[in-house]
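Participant: My questions will all concern the structure given below.
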Amino acid sequence: QVQLVESGGGLVQAGGSLRLSCADSGRTFSGFAMGWFRQAPGKEREFIARISARGSHADYADSVKVRSAISRDNARNTVYLEMQSLKPEDTALYYCAAGAKWSRRAIDYAYWGQGTQVTVSS
């Protein structure tokens with residue numbers, strides 16, 4: 001069973017940085033690709049970043065590519081997302097997800113956390 005819990009969100013000033021964490025209490029974390037998505041009010045869920053099961057491959061949306069880093073620690077069953085130079089448009093509910101496929105599509109991720117809110121003030 002995969003159970004994902006995000007943390008690290010909060011209120012940040014524009015230009016600041018943050019590190020989101022997503023921990024899995026299950027035993028199969030290292031077998032899944034992990035993704036980060038976000039959803040702002042009134043908008044669709046948006047792909048942010050993904051990392052392969054062993055951490056050897058990473059991929060980013062263009063909107064965050066130069067200022068984000070995804071990583072994972074399989075020994076701790078945790079995936080991280082670091083973001084810098086935050087902008088007000090980064091304000092959203094951030095979700096982590098686990099999936100068996102290497103995909104940017106939310107539909108390909110079977111397990112989701114509850115999300116952590118990130119608010120960037122101008």
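Participant: Looking at the stretch 50-72, can you tell me whether even one residue there is out of contact with any Gly (no Cβ under 8 Å at 6 or more places or on another chain), among the aromatic types (Phe, Trp, Tyr) and modelled with pLDDT of 95 or more?
Facilitator: Looking for residues that are out of contact with any Gly (no Cβ under 8 Å at 6 or more places or on another chain), among the aromatic types (Phe, Trp, Tyr) and modelled with pLDDT of 95 or more, one finds at least one in the stretch 50-72, hence yes.
Participant: Taking the stretch 32-63, which residues are touching a residue at least 60 places away in the same chain (Cβ under 8 Å) and small (Gly, Ala, Ser)?
Facilitator: Scanning the stretch 32-63 gives ALA33, GLY35.
Participant: So, in the stretch 1-11, exactly how many residues are over 12 Å from the mean Cα position of the chain (by Cα), surrounded by 18 or more Cβ atoms within 10 Å (Cβ to Cβ) and either at pLDDT 95 or above or part of a strand (DSSP E or B) (or both)?
Facilitator: Of the residues in the stretch 1-11, 0 are over 12 Å from the mean Cα position of the chain (by Cα), surrounded by 18 or more Cβ atoms within 10 Å (Cβ to Cβ) and either at pLDDT 95 or above or part of a strand (DSSP E or B) (or both).
Participant: Something else: Among the residues of the stretch 95-122, write down those that are farther than 18 Å from THR78 by Cα and of a type in the set (Val, Ile, Thr).
Facilitator: ILE107, VAL118, THR119, VAL120
Participant: Something else about it: Quick one: which residue in SER52, SER56, SER63 is under 21 Å from LEU11 (Cβ atoms) and of a type in the set (S, T, N, Q)?
Facilitator: SER63
Participant: Need pairs with beta-carbon distance below 6 Å; first residue over 14 Å from TRP36 (Cβ atoms) and among the hydrophobic types (A, V, I, L, M, F, W, C) and within the stretch 95-111, second outside any loop (DSSP other than H, G, I, E, B) and at pLDDT 95 or above; sequence gap 6+ or separate chains.
Facilitator: From the stretch 95-111, the pairs are TRP102/ALA33; ALA110/GLY99.
Participant: Just one of (1) touching a Phe, Trp or Tyr at 6+ places or on another chain (Cβ under 6 Å); (2) modelled with pLDDT under 95; (3) small (Gly, Ala, Ser) trips up ALA33, so point out which.
Facilitator: (2)
The values are calculated or read from the model by the stated rules, or taken from the named source; none is laboratory data. These numbers come from a predicted model, not from an experiment. So basically every Cβ, Gly included, is an ideal-geometry build from the backbone, and we count neighbours across all protein chains shown.
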